[in-house]
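Working notes, structure below.
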Amino acid sequence: MALFGKKKETKATEAANPTTISTAASDSASEFDLAAILRRPRITEKAFALSQKNVYTFEVAPHANKYQVAAAIKQVYKVTPKRVNIVNRRPRTQRSLMRNRATHQPGVCKAYVYLDSGDTISFM
């Protein structure tokens, strides 16, 4: 009595029905995927000061990388970014001063997009 015997039937069925995975669809990013990468522009005092130096700040999806953000900026705003930096702010819990309750601040993934001197992005 063998507990761990070889199953000849499963090997025969795997050889008869080979599965192929198409990687072409996963390699190319569609327009929907690029539009989902940029969440919203960050409109803050610091972001406004940086926009005077051709650095624009966006909230992006947490799984996005620099190349995806650059492609999304190029597609949506029709400008080519010179450099992209991504900053992850972790979520945190802090104590509220009123009634000593815990409040939650969600994490944010920000992208700093650097443009050439002649390029601008208009949010309005």
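For this structure, a couple of remarks:
- Taking first residues from region 98-124 that are farther than 18 Å from Asn85 by Cα and partners that are exposed (fewer than 11 other Cβ atoms within 10 Å of the Cβ) and modelled with pLDDT of 90 or more, the Cβ contacts under 6 Å between residues at least 6 apart in sequence or on separate chains come to Ala102/Thr93; His104/Thr93; Gln105/Arg92; Pro106/Pro91.
- Selection status of Ala72, surrounded by 13 or more Cβ atoms within 10 Å (Cβ to Cβ) and either over 15 Å from the mean Cα position of the chain (by Cα) or modelled with pLDDT of 90 or more (or both): yes
- Pick from region 35-69, criterion in contact with a Leu (Cβ under 9 Å, 6 or more places away or on another chain) and closer than 29 Å to Thr103 by Cβ, ranking: surrounded by the most Cβ atoms within 10 Å (Cβ to Cβ): Val60
- Within the set Thr103, Thr93, the sole residue that is at pLDDT 90 or above, in a strand (DSSP E or B) and over 19 Å from Ala47 (Cα atoms) turns out to be Thr93.
- Neighbours by Cβ (under 6 Å, 6+ apart or cross-chain): first from region 39-64, closer than 16 Å to Val79 by Cβ; second part of a loop (DSSP other than H, G, I, E, B): Pro41/Phe123; Asn54/Leu115; Tyr56/Ile121; Thr57/Arg42
- Counted residues, region 44-76 - those being of a type outside the set (S, T, N, Q), assigned to a helix (DSSP H, G or I) and farther than 18 Å from Arg89 by Cβ: 9
- Taken together, the residues in region 106-124 that are outside any loop (DSSP other than H, G, I, E, B) and small (Gly, Ala, Ser) amount to 1.
The values are calculated or read from the model by the stated rules, or taken from the named source; none is laboratory data. Just so it is clear, the structure is predicted and the values come from calculations on it, not from any experiment. Every residue, glycine among them, receives a Cβ derived from its backbone with ideal geometry; neighbour counts consider all protein chains shown.
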